[in-house]
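Written below as structure tokens is the structure these notes are about.
The values are calculated or read from the model by the stated rules, or taken from the named source; none is laboratory data. These numbers come from a predicted model, not from an experiment. Cβ placement follows ideal geometry from the backbone for every residue including glycine, while neighbour counts extend to all protein chains displayed.
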Amino acid sequence: MASGKGIDWSSLYKKEDWWALWLGLLIFFIGLLYIAGVNTFGWFPKIGIWVDPAVSVTPASKDYAWLHPILSYVILYVVTVVLLSIAVVAMKWNLKRFIAGYTFIYIITMITYWFGHWAYIAETDPKKVEQLGFSLRMTGEAGLLFALLAGLIISNFFRGFANFLRDAAKPELYIKIAIVLLGAKLGIDVVRLPVGLLANYVLRGVAAIVEAYLIYWGLAYIIARKWGLTREWAAPLASGISICGVSAAIATAAVIRARPHVPAVIASLVVVFAAVELVILPFVAAIFLAHQPLVAGAWMGLAIKTDGAAAASGAIVDALMVGWYPEYAPLKGWILNTTVLTKLFIDIFIGVWAFILAVVWVYWIERRPGEKVRKLEIWFRFPKFVLGFMATMIILAAMTGAAIAAAGADVAAQREAVKPYREAQSLIDDFRKFFFAMTFTSIGLITDFGTLKREGFGKIIAIYLILLFGVIIWIGFAISWLFFHDVHHYLIKALAS
Amino acid sequence: MSGEEKVEPILPVEKKLVAISLILAAILMGVLYVVAWATLGV
């Protein structure tokens, strides 16, 4: 964080962004001990797709087969509450209120996530579906939607209880930890891809984001201005709706020196409508983009305006498409990766965009004489958890690559060499899924539709709605199509070889 | 409070900046599209 003459290093332990990185890396490195023969996360409660609830949960590793599932859940609770409490204390949040809220959110999330694994909802295996007679084929990720629903019901119908939980309803913290861990998942997969294809895939993510920034912002801003909004409202609204919701609205408001309530109002609009999008768009994408899975993934990243809701939508599209269309089985995880890729680049560029806006405002719009814009602002706005995502990806890719190289040319030996790395990654990924689920419940808990009833905001809400559903999601769709159509053929071919 | 307390005409510089942004987007779209597809099989 920039302050006065230089960098304020206390950000390293005071900011949520950094804590997501530290906690994600800690879980990652502890999980990696599996490769050295220490099974640190084998106790994790793993939910299978179930018909009989009595046998639905088992420890993730056979080494812990003796462990009762309830005990697994208790260990998971203790481990996560201890880890998160370190961050909570360092960030000077209210620890008692956090633990109290976290306990309930944990219980609600675990029950809803478990329920989503009911075979009639989750089963995708055609033979098993035939035996059952019926299944929605949504995979176990359906539990995420139940978690969201539970959060929404509490937030909107039991407001007192929702307020009690709010200190622990932190979707951005949970999703950032999950994204750091997602890097490991990508790391184990990227070694199977040719470098050229991988570079091209990343280039497409960058291209989509550059286009989105340039088109979204300008259009949203000029439309908002033409419809009578002042610059103070139009600029943060354009950033909020076109870039990355809350953080972009706040960054822009700071740059143009808007009054404090401006980003607060826009942030609440962003959060509410991101939840609305999360409920609708993944199903629209899975149904109407059945032949273009990566377009669907990129679209979620470009159209949904908070990190939590975007990644959550990507996870649902991924689950739905892999569940509904068996030919996409090799792509499992890659639809979500595409969502996260676009979202990460959006986050990365927030700092650059805030810098550009600052320059434009200081030198052209408001012409503040003698004022200079510091380049350090770019680093200040850089989302630090992205570094964690890159670190876990690079470290696991390097380790797996080295193991493959050491195994020689024999494919069977290579597979054997990769096995412990894959199992370690699978245990780490259990935590990733856990934090994803906590994100869904938390998004529900902070989404209060009552916000929309506030007097005086009718026009802003109307403009936001029209821009989001009339302009942003369609341009996002067009950009996603341009850069990601048919790319899945190349990816499936590479992943299957 | 509702974003329209005072009438604030759109300055020519605002229009220019938005126009530049959209023109740049159009040019870059062409370039990035060609590069993305030309390098896919590489």
I want to confirm something. Restricting to the range A:462-476 and keeping residues that are more than 10 Å from chain B (Cβ to nearest Cβ) and closer than 16 Å to A:Trp233 by Cβ, which single residue is nearest to the chain's Cα centre (by Cα)?
A:Leu468
For A:Phe157, which of the numbered conditions (1) more than 14 Å from chain B (Cβ to nearest Cβ); (2) out of contact with any Lys or Arg (no Cβ under 6 Å at 6 or more places or on another chain); (3) under 30 Å from A:Ile428 (Cβ atoms) fails to hold?
(3)
Exactly one condition in (1) assigned to a helix (DSSP H, G or I); (2) buried (at least 22 other Cβ atoms within 10 Å of the Cβ); (3) in contact (Cβ under 8 Å) with a residue 40 or more places away in the chain is not met by A:Ile250; state its number.
(3)
Consider only pairs whose beta carbons are under 7 Å apart and that are at least six residues apart or on different chains; among these, list those whose first residue lies in the range A:408-428 and is among the β-branched types (Val, Ile, Thr) and whose second residue is at pLDDT 95 or above and assigned to a helix (DSSP H, G or I).
A:Ile428/A:Ile27; A:Ile428/A:Phe28; A:Ile428/A:Gly31
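Residue-by-condition table, conditions (1) within 25 Å of A:Phe440 (Cβ to Cβ); (2) of a type in the set (A, V, I, L, M); (3) assigned to a loop (DSSP other than H, G, I, E, B):
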| residue | (1), (2), (3) |
| --- | --- |
| A:Thr58 | yes, no, no |
| A:Trp66 | no, no, yes |
| A:Leu76 | yes, yes, no |
| A:Val79 | yes, yes, no |
| A:Ile86 | yes, yes, no |
| A:Lys92 | no, no, yes |
| A:Ile99 | yes, yes, no |
| A:Tyr106 | yes, no, no |
Pairs, please: C-beta under 9 Å, at least 6 apart or cross-chain, first residue under 24 Å from A:Ala329 (Cβ atoms) and in the range A:103-124, second part of a helix (DSSP H, G or I) and of a type in the set (Phe, Trp, Tyr)?
A:Tyr113/A:Phe146; A:Tyr113/A:Phe434; A:Tyr113/A:Phe440; A:Gly116/A:Phe146; A:Ile121/A:Phe115; A:Ile121/A:Phe146; A:Thr124/A:Trp324
Among all residue pairs at least 6 apart or on different chains, which show Cβ distances below 6 Å where the first residue, located in the range A:255-278, is touching a residue at least 12 places away in the same chain (Cβ under 8 Å) and surrounded by fewer than 21 Cβ atoms within 10 Å (Cβ to Cβ) and the second is not in a helix (DSSP H, G or I) and not small (Gly, Ala, Ser)?
A:Val272/A:Thr447
Cβ-Cβ below 8 Å, separation at least six or inter-chain, first residue in the range A:137-155 and more than 12 Å from A:Trp118 (Cβ to Cβ), second assigned to a loop (DSSP other than H, G, I, E, B) and acidic (Asp, Glu): which pairs?
A:Arg137/A:Glu123; A:Ser155/A:Asp448
Out of all the residues in the range A:92-104, is one or more buried (at least 18 other Cβ atoms within 10 Å of the Cβ) and of a type in the set (A, V, I, L, M)?
no
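Just a yes or no: is a residue in the range A:340-352 touching a Ser or Thr at 6+ places or on another chain (Cβ under 7 Å) and either crowded, with 18+ Cβ neighbours inside 10 Å or within 30 Å of A:Gly37 (Cα to Cα) (or both)?
To start, the set of residues in the range A:340-352 that are touching a Ser or Thr at 6+ places or on another chain (Cβ under 7 Å) comprises A:350.
Subsequent filtering for residues that are either crowded, with 18+ Cβ neighbours inside 10 Å or within 30 Å of A:Gly37 (Cα to Cα) (or both) retains A:350.
Checked the range A:340-352: at least one residue is touching a Ser or Thr at 6+ places or on another chain (Cβ under 7 Å) and either crowded, with 18+ Cβ neighbours inside 10 Å or within 30 Å of A:Gly37 (Cα to Cα) (or both).
Okay, residues lined up against (1) among the charged types (D, E, K, R); (2) modelled with pLDDT under 90; (3) under 15 Å from the mean Cα position of the chain (by Cα):
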position: A:Asp410; (1), (2), (3): yes, yes, no
position: A:Glu423; (1), (2), (3): yes, no, no
position: A:Gly444; (1), (2), (3): no, no, yes
position: A:Thr451; (1), (2), (3): no, yes, no
Tell me yes or no: at least one residue of the range A:306-318 is among the charged types (D, E, K, R), touching a Lys or Arg at 6+ places or on another chain (Cβ under 8 Å) and in a helix (DSSP H, G or I).
yes
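Residue by residue through the range A:207-216, note down the ones that are at the interface with chain B (Cβ under 8 Å from one of its Cβ atoms) and under 22 Å from the mean Cα position of the chain (by Cα). Write out each step before concluding.
Taking the range A:207-216 as the starting set, the residues that turn out to be at the interface with chain B (Cβ under 8 Å from one of its Cβ atoms) are A:207, A:210-211, A:214-215.
Result: A:Ala207, A:Val210, A:Glu211.
Any idea which residue in the range B:7-26 is nearest to the other protein chains (Cβ to nearest Cβ), counting only those that are assigned to a loop (DSSP other than H, G, I, E, B) and among the aliphatic types (A, V, I, L, M)?
At the first step, the residues of the range B:7-26 found to be assigned to a loop (DSSP other than H, G, I, E, B) are B:7-11.
Applying the additional criterion that residues be among the aliphatic types (A, V, I, L, M) yields B:7, B:10-11.
Details: B:Val7: 8, B:Ile10: 5, B:Leu11: 7 Å.
Applying the filter and picking the extreme gives B:Ile10.
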Checklist (1) more than 21 Å from A:Val471 (Cβ to Cβ); (2) of a type in the set (D, E, K, R); (3) assigned to a helix (DSSP H, G or I) applied to A:Glu277, failing item:
(1)
Which numbered condition A:His489 fails, given (1) of a type outside the set (S, T, N, Q); (2) free of Cβ contacts under 8 Å to residues at least 24 places away in the same chain; (3) surrounded by 23 or more Cβ atoms within 10 Å (Cβ to Cβ):
(3)
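Conditions (1) assigned to a helix (DSSP H, G or I); (2) not β-branched (Val, Ile, Thr), marked per residue:
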{"site": "A:Leu341", "(1), (2)": "yes, yes"}
{"site": "A:Ile348", "(1), (2)": "yes, no"}
{"site": "A:Gly370", "(1), (2)": "no, yes"}
{"site": "A:Trp379", "(1), (2)": "yes, yes"}
Here the residues within the range A:360-407 that are acidic (Asp, Glu) and either within 23 Å of A:Val246 (Cα to Cα) or in contact with a Pro (Cβ under 7 Å, 6 or more places away or on another chain) (or both) are A:Glu377
Can you name the condition, by its number, that A:Leu281 falls short on among (1) touching a residue at least 40 places away in the same chain (Cβ under 8 Å); (2) surrounded by fewer than 19 Cβ atoms within 10 Å (Cβ to Cβ)?
(2)
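Output the residues belonging to the range A:225-239 that are surrounded by fewer than 24 Cβ atoms within 10 Å (Cβ to Cβ), within 8 Å of chain B (Cβ to nearest Cβ) and in contact (Cβ under 8 Å) with a residue 24 or more places away in the chain. So that I can check it myself, show each step before the final result.
Here is the first cut: in the range A:225-239, the residues surrounded by fewer than 24 Cβ atoms within 10 Å (Cβ to Cβ) are A:225-232.
Subset that is within 8 Å of chain B (Cβ to nearest Cβ): A:225-226, A:228-232.
Answer for the range A:225-239, where residues must be surrounded by fewer than 24 Cβ atoms within 10 Å (Cβ to Cβ), within 8 Å of chain B (Cβ to nearest Cβ) and in contact (Cβ under 8 Å) with a residue 24 or more places away in the chain: A:Gly228, A:Leu229, A:Arg231, A:Glu232.
Taking the stated definitions as given, is A:Ala264 farther than 29 Å from A:Leu482 by Cα and either over 21 Å from the mean Cα position of the chain (by Cα) or at pLDDT below 85 (or both)? Break it down stepwise before answering.
Numbers: farther than 29 Å from A:Leu482 by Cα: yes; either over 21 Å from the mean Cα position of the chain (by Cα) or at pLDDT below 85 (or both): yes.
Yes: the conditions hold for A:Ala264.
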Looking only at the range A:187-206, filter to residues that are among the hydrophobic types (A, V, I, L, M, F, W, C) and without any contact (Cβ under 8 Å) to a residue 40 or more places away in the chain; which one of those is farthest from the other protein chains (Cβ to nearest Cβ)?
A:Leu198
Breaking point among (1) closer than 27 Å to B:Leu32 by Cα; (2) charged (D, E, K, R); (3) touching a Phe, Trp or Tyr at 6+ places or on another chain (Cβ under 9 Å), for A:Glu141:
(1)
